[in-house]
Amino acid sequence: MILSRLSIVNFKNIAQADLTFSAGLNCFLGNNGMGKTNLLDALYYLSFCKSSTNVIDSQNIRHGEEFFMLQGNYDYGDGREEEIYCGLKHRQKKIFRRNKKEYDRLSDHIGLIPLVMISPADAVLIQGGSDERRRFLDMVVSQFDKSYLDRLIRYNRALMQRNTLLKEEVFDASMYEIWEEQMAQAAVGIYEARCRFLEKFIPVFQEFYSVISGGDETVGLSYTSHLSRGDLRPLLEEVRSRDLILGYTSRGIHKDELEMTLGEYPMKRIGSQGQNKTFLVALKLAQFDYLKQNGHTAPLLLLDDVFDKLDAMRMGRIISLVSQERFGQIFVTDTNREYLDAIVRRAAGDYRLFGVEKGCFTVISE
């Protein structure tokens, strides 16, 4: 799958852009704050129905304007094409259309346009709380497993209802049993899907890390869950009294953890900036590989300022990796043309280099 054309109106600092892309490599060169990351975020939005950075949709509307619009044209290479449209006006509902037909549920769109983005914001996967790592798991698995996303929605809805009972200090056991039953039914499928995914994912991730680091370091991912003890229902009943005191649900798949290690120690405690960055790049490249192997098409790969905090050796190995044909269509941003030229030379194929200044895009070479 490739993104052949993108139209943008009033998205963040981009007033208007109508861009045609290379089927291979697309490079965006410019100083910080010019709109390179905003362009990648527009691609992210068309895949996930939301921004990678802004929780509130209206904050993506260009300052002083009333709406934003995004439209992407995708070619699957088998004669199939998709036109994805997104529009949002202040104080109105977001509209998403596939081939001019509006979605009934935005969740139905997830997975149609698979995408992997590597950006400085990924540091939160290591340094942030467990909710960030669960969000990573959910984002990957839901792109190729529709039933997973449906279960996750059902689980979170039941969890919210149980938490409401706890906050209101309801003591009727039968009320809790209704929602705990729904949580347990959804949780088992979520847990099993996460286990199946990680079993295949972890060796690929470790291989990518080894290639980028030169093979001198050992990293790991370890998944822990209350569901490893069995059915969730007795676990919830066991802590119900304590949860009433706490005011929230203390057990369930919403408390799962994905521990990230360097050697025998947590990466967040002992990893250098370069090791952290290598870990994150390897994580996302493994995500790309998994989605490509298990999905219906190769994902788009977005690399935002990926070379920051890396030494020359690791940088060179990443350039060698992403220049391989296996990664398909790539969008990469940087402030340094030297890095982008190095990728272009290694790729030795179809490419397009854009200059970016104050939200405007100009083709420099192709």
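The values are calculated or read from the model by the stated rules, or taken from the named source; none is laboratory data. Everything numeric here is computed off the predicted structure, so don't read it as measured data. Every residue, glycine as well, gets a Cβ built from its backbone with ideal geometry; the counts of neighbours run over all protein chains shown.
Here's the yes/no breakdown for (1) under 16 Å from residue 30 (Cβ atoms); (2) of a type outside the set (Phe, Trp, Tyr):
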| site | (1), (2) |
| --- | --- |
| 307 | yes, no |
| 311 | no, yes |
| 317 | no, yes |
| 322 | no, yes |
| 333 | yes, yes |
| 338 | yes, yes |
| 345 | no, yes |
| 350 | no, yes |
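Reported count of residues in region 217-254, each being modelled with pLDDT of 95 or more, of a type in the set (Asp, Glu) and surrounded by 13 or more Cβ atoms within 10 Å (Cβ to Cβ), is 2. Every test in (1) over 20 Å from the mean Cα position of the chain (by Cα); (2) small (Gly, Ala, Ser); (3) within 16 Å of residue 356 (Cα to Cα) is passed by residue 42 save one, and that test is (1). On the given criteria, is residue 261 of a type in the set (S, T, N, Q) and closer than 24 Å to residue 20 by Cβ? No. Residues in region 20-43 that are in a strand (DSSP E or B) and under 17 Å from residue 75 (Cα atoms): 20, 25, 26.
Of the candidates 46, 70, the single residue that is in the same structural domain as residue 345 (by TED's automatic domain parsing) and part of a helix (DSSP H, G or I) is 46. Of 278, 261, all but one fail to be under 28 Å from residue 131 (Cβ atoms), in contact with a Ser or Thr (Cβ under 8 Å, 6 or more places away or on another chain), buried (at least 21 other Cβ atoms within 10 Å of the Cβ) and assigned by TED's automatic domain parsing to the domain that holds residue 143; the exception is 278. Taking (1) buried (at least 20 other Cβ atoms within 10 Å of the Cβ); (2) not assigned by TED's automatic domain parsing to the domain that holds residue 140 in turn, residue 309 satisfies each apart from (1). State yes or no: is residue 52 of a type in the set (Ser, Thr, Tyr), within 28 Å of residue 364 (Cα to Cα) and buried (at least 21 other Cβ atoms within 10 Å of the Cβ)? So residue 52 does not fit the description; no. Return yes when residue 16 is loosely packed, with under 14 Cβ neighbours inside 10 Å, of a type in the set (S, T, N, Q), assigned by TED's automatic domain parsing to the domain that holds residue 324 and in a strand (DSSP E or B) and no when it is not. Yes; evaluated as a whole, the condition is true for this residue. Scanning region 81-103 for residues that are within 16 Å of residue 62 (Cβ to Cβ) and assigned to a strand (DSSP E or B) yields 86, 87, 88, 89. Residues in region 75-102 that are among the hydroxyl-bearing types (Ser, Thr, Tyr) and either loosely packed, with under 15 Cβ neighbours inside 10 Å or over 24 Å from the mean Cα position of the chain (by Cα) (or both): 76 only. Condition first: part of a loop (DSSP other than H, G, I, E, B) and either assigned by TED's automatic domain parsing to the domain that holds residue 34 or surrounded by fewer than 15 Cβ atoms within 10 Å (Cβ to Cβ) (or both). Can you find one or more residues in region 120-130 that meet it? So far as region 120-130 goes, yes, one or more of its residues are part of a loop (DSSP other than H, G, I, E, B) and either assigned by TED's automatic domain parsing to the domain that holds residue 34 or surrounded by fewer than 15 Cβ atoms within 10 Å (Cβ to Cβ) (or both). Residue 139 satisfies every condition listed in (1) assigned to a loop (DSSP other than H, G, I, E, B); (2) over 19 Å from residue 3 (Cα atoms); (3) in contact with a Phe, Trp or Tyr (Cβ under 9 Å, 6 or more places away or on another chain); (4) not charged (D, E, K, R) except (1). Would you check if there is a residue in region 324-331 being free of Cβ contacts under 8 Å to residues at least 60 places away in the same chain and crowded, with 19+ Cβ neighbours inside 10 Å? Among the residues of region 324-331, at least one is free of Cβ contacts under 8 Å to residues at least 60 places away in the same chain and crowded, with 19+ Cβ neighbours inside 10 Å, which makes the answer yes. Of all residues in region 104-116, those being surrounded by fewer than 16 Cβ atoms within 10 Å (Cβ to Cβ) and part of a loop (DSSP other than H, G, I, E, B) number 2.
For (1) within 22 Å of the chain's Cα centre (by Cα); (2) more than 15 Å from residue 122 (Cβ to Cβ); (3) hydrophobic (A, V, I, L, M, F, W, C), each residue gets a yes or a no:
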residue	(1), (2), (3)
312	no, yes, yes
322	yes, yes, yes
330	yes, yes, yes
335	no, yes, no
342	no, yes, yes
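Residues that are in contact (Cβ under 8 Å) with a residue 12 or more places away in the chain and closer than 20 Å to residue 284 by Cα within region 132-147 comprise 133, 134, 136, 137, 138, 139, 140, 141, 142, 143, 144, 145, listed in sequence order. Only one entry of 207, 199, 217 meets the criterion of being under 21 Å from residue 275 (Cα atoms) and in a helix (DSSP H, G or I), and that entry is 207.
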